[in-house]
2 protein chains.
Amino acid sequence: MPCGGKGTTGTGRRLRCVADETNTRTLPATSWAVLGLLSFGEELSGYDLKKWSDWSLRFFYWSPSFSQIYSELKRLEKAGYASSRMVAQDTGTRDKRVYRITDEGMAAVREWAREAPVDPPVLKHGPMLRLWLGHLLEPEQMREVLVQHREFSERMRLRAEADAEGAQDEAAWAYPTLTLKWAERYYASERDLAAAMLADIEALAPAPESGTRP
Amino acid sequence: MPCGGKGTTGTGRRLRCVADETNTRTLPATSWAVLGLLSFGEELSGYDLKKWSDWSLRFFYWSPSFSQIYSELKRLEKAGYASSRMVAQDTGTRDKRVYRITDEGMAAVREWAREAPVDPPVLKHGPMLRLWLGHLLEPEQMREVLVQHREFSERMRLRAEADAEGAQDEAAWAYPTLTLKWAERYYASERDLAAAMLADIEALAPAPESGTRP
DNA sequence: CTAGAAGTATTCCTAATCGAAATACCTGCC
DNA sequence: GGCAGGTATTTCGATTAGGAATACTTCTAG
């Protein structure tokens, strides 16, 4: 029963969840991701943030869109968790607005990282959804989906590996490096899982090429 | 450049993507998931569909909410991919509307499963996001997050294992059984990855209890 | 030298999705 | 007799996704 309300039945009136202005830990996960990006201390524009999240977060947390990053920044500023200023750029390029985390923001994101309940990861595995519908596919098409997924996984693994190597020297990146190592193993596992399923399919419906040796 | 349009610049007028009534393969992924559920041939209500997807899809594809399932069903019916009828229930219980896939729906979902491009899975790994922010946590809290995630993964693995066992006898469930086996391995890997990261953290910041033996 | 591609930077709009709550009726248990 | 819990669906607001528009710059190929 959210909103802490008990007596919402009875009148039929519309009741709004007012989110209790003092209770600020109720931001959506993506806000925390953006604030987390800022918690490393640099002053960044929305565009920078998008690039950072594409590079680092994307291995384990779907990178938010531009529009969302910009609206999160506005929300964070309104909440007092970030401050911004315009900077004029040297030559030509358009002025930009850069954001910096505030002390309140630091305290809030630290509290979130420490205290929030651990919820299950969200996975939307398109390739598996299609394989689940195997009765609609020819074995050859199932293989094709898996081969492509295996290749994608290996590309991701290589990228995580390269990024981990690039990050391991900076002490400030110790924990991001740890998660990059995790990502390296995760994508290695995805690759191997695809290979294992390929073998399972082979067992169910042997490909014309294989197993025909005399 | 979507909508196939080239000359959208120039007027400033608002242009709508009309989605080309004839080109029907442009449904969102969740529509295909629901149609896929129906493609096994049974006549199901929205409520049934929600339960099915909670049981089977959830291992690899985030289960859609009731509201979305019901609106997808309406969309599928309007597109001619599903038909529905009301059934009165024997004793008491409220009437319900059950949906069945049409031949067009079968053809469309088959085409989607066969021809759609293989796109990368979407992962939003909350626990990793928090570990990525390790500079905000005490080692003890990092361990706590990982331990909980490891336990969650093992619970999911056990459920996938149990479901796979229950499904393996029906020939019609051959492919769903294959993806359940995949899920079993996937969650085993998640569990092991959590354990490995726990070990990495141990190496970075030894727990007071451990390594103090003389 | 000039058109266009690509990068920087931000905003707008729409559709997709979530999740809680409202509604409604039944069964079973204490 | 009441209430917890399962079936069944709708409604609403908030969140999230992601393309398109805008605008200005630099680089590059013809």
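Would you check if there is a residue in region B:113-120 being among the β-branched types (Val, Ile, Thr) and either under 22 Å from B:Glu42 (Cβ atoms) or more than 7 Å from chain A (Cβ to nearest Cβ) (or both)? If you could, list the steps in order and put the result at the bottom.
Here is the first cut: in region B:113-120, the residues among the β-branched types (Val, Ile, Thr) are B:118.
After this cut, where a residue has to be either under 22 Å from B:Glu42 (Cβ atoms) or more than 7 Å from chain A (Cβ to nearest Cβ) (or both) as well, the list is none.
Looking for residues that are among the β-branched types (Val, Ile, Thr) and either under 22 Å from B:Glu42 (Cβ atoms) or more than 7 Å from chain A (Cβ to nearest Cβ) (or both), one finds none in region B:113-120, hence no.
Residues that are closer than 30 Å to B:Glu190 by Cβ: find the strands (runs of 3 or more DSSP E) completely inside region A:65-128 holding 2 or more of those. I'd like the intermediate steps shown before the answer.
Values: elements: A:82-87, A:96-101, A:122-124.
In region A:65-128, A:122-124 are the strands (runs of 3 or more DSSP E) which contain 2 or more residues that are closer than 30 Å to B:Glu190 by Cβ.
Does region A:55-65 contain at least one residue that is at pLDDT below 95, within 14 Å of DNA strand C (Cβ to nearest atom), in the same structural domain as A:Ala33 (by TED's automatic domain parsing) and in contact with a helix residue (DSSP H, G or I) (Cβ under 6 Å, 6 or more places away or on another chain)?
Yes, some residue in region A:55-65 is at pLDDT below 95, within 14 Å of DNA strand C (Cβ to nearest atom), in the same structural domain as A:Ala33 (by TED's automatic domain parsing) and in contact with a helix residue (DSSP H, G or I) (Cβ under 6 Å, 6 or more places away or on another chain).
Inside region B:99-111, can you point out the residues that are buried (at least 20 other Cβ atoms within 10 Å of the Cβ) and either over 19 Å from A:Leu137 (Cβ atoms) or at the interface with chain A (Cβ under 10 Å from one of its Cβ atoms) (or both)?
Hits for region B:99-111 are B:Tyr99, B:Val109.
Looking at region B:56-78 only, could you name the residues that are among the small types (Gly, Ala, Ser) and away from DNA strand D (no atom under 11 Å from the Cβ)?
Here is the first cut: in region B:56-78, the residues among the small types (Gly, Ala, Ser) are B:56, B:63, B:65, B:67, B:71.
Within region B:56-78, B:Ser56, B:Ser63 qualify.
In region A:54-97, what count of residues is obtained for those that are surrounded by fewer than 19 Cβ atoms within 10 Å (Cβ to Cβ), away from chain B (no Cβ under 14 Å) and under 29 Å from A:Ala164 (Cα atoms)?
3
Among the residues that make up region B:158-171, is at least one of them part of a helix (DSSP H, G or I) and at the interface with another protein chain (Cβ under 8 Å from one of its Cβ atoms)?
No, region B:158-171 contains no residue that is part of a helix (DSSP H, G or I) and at the interface with another protein chain (Cβ under 8 Å from one of its Cβ atoms).
Tally the residues that are within 13 Å of chain A (Cβ to nearest Cβ), assigned to a helix (DSSP H, G or I) and within 11 Å of DNA strand D (Cβ to nearest atom), restricting the search to region B:21-53.
1
May I ask you to say which residue of A:Asp103, A:Asp119 is within 13 Å of DNA strand C (Cβ to nearest atom) and free of Cβ contacts under 8 Å to residues at least 12 places away in the same chain? Full working, then the answer.
Working: A:Asp103 fails: within 13 Å of DNA strand C (Cβ to nearest atom).
Of A:Asp103, A:Asp119, the one residue that is within 13 Å of DNA strand C (Cβ to nearest atom) and free of Cβ contacts under 8 Å to residues at least 12 places away in the same chain is A:Asp119.
Give the residues of region B:136-150 that are surrounded by fewer than 17 Cβ atoms within 10 Å (Cβ to Cβ) and at the interface with chain A (Cβ under 7 Å from one of its Cβ atoms), sorted by residue number.
Going through region B:136-150, the residues surrounded by fewer than 17 Cβ atoms within 10 Å (Cβ to Cβ) turn out to be B:138-141, B:144, B:147-148.
Correct list: B:Gln141, B:Gln148.
Taking interchain pairs and intrachain pairs at least six residues apart, which have beta carbon atoms under 7 angstrom, with the first residue in region B:191-205 and at the interface with chain A (Cβ under 8 Å from one of its Cβ atoms) and farther than 14 Å from B:Glu154 by Cα and the second of a type in the set (Lys, Arg) and surrounded by 14 or more Cβ atoms within 10 Å (Cβ to Cβ)?
B:Ala196/A:Arg185; B:Asp200/A:Lys181; B:Ile201/B:Arg143
The values are calculated or read from the model by the stated rules, or taken from the named source; none is laboratory data. Please read all numbers here as calculations on a predicted model, not as lab measurements. So basically every Cβ, Gly included, is an ideal-geometry build from the backbone, and we count neighbours across all protein chains shown.
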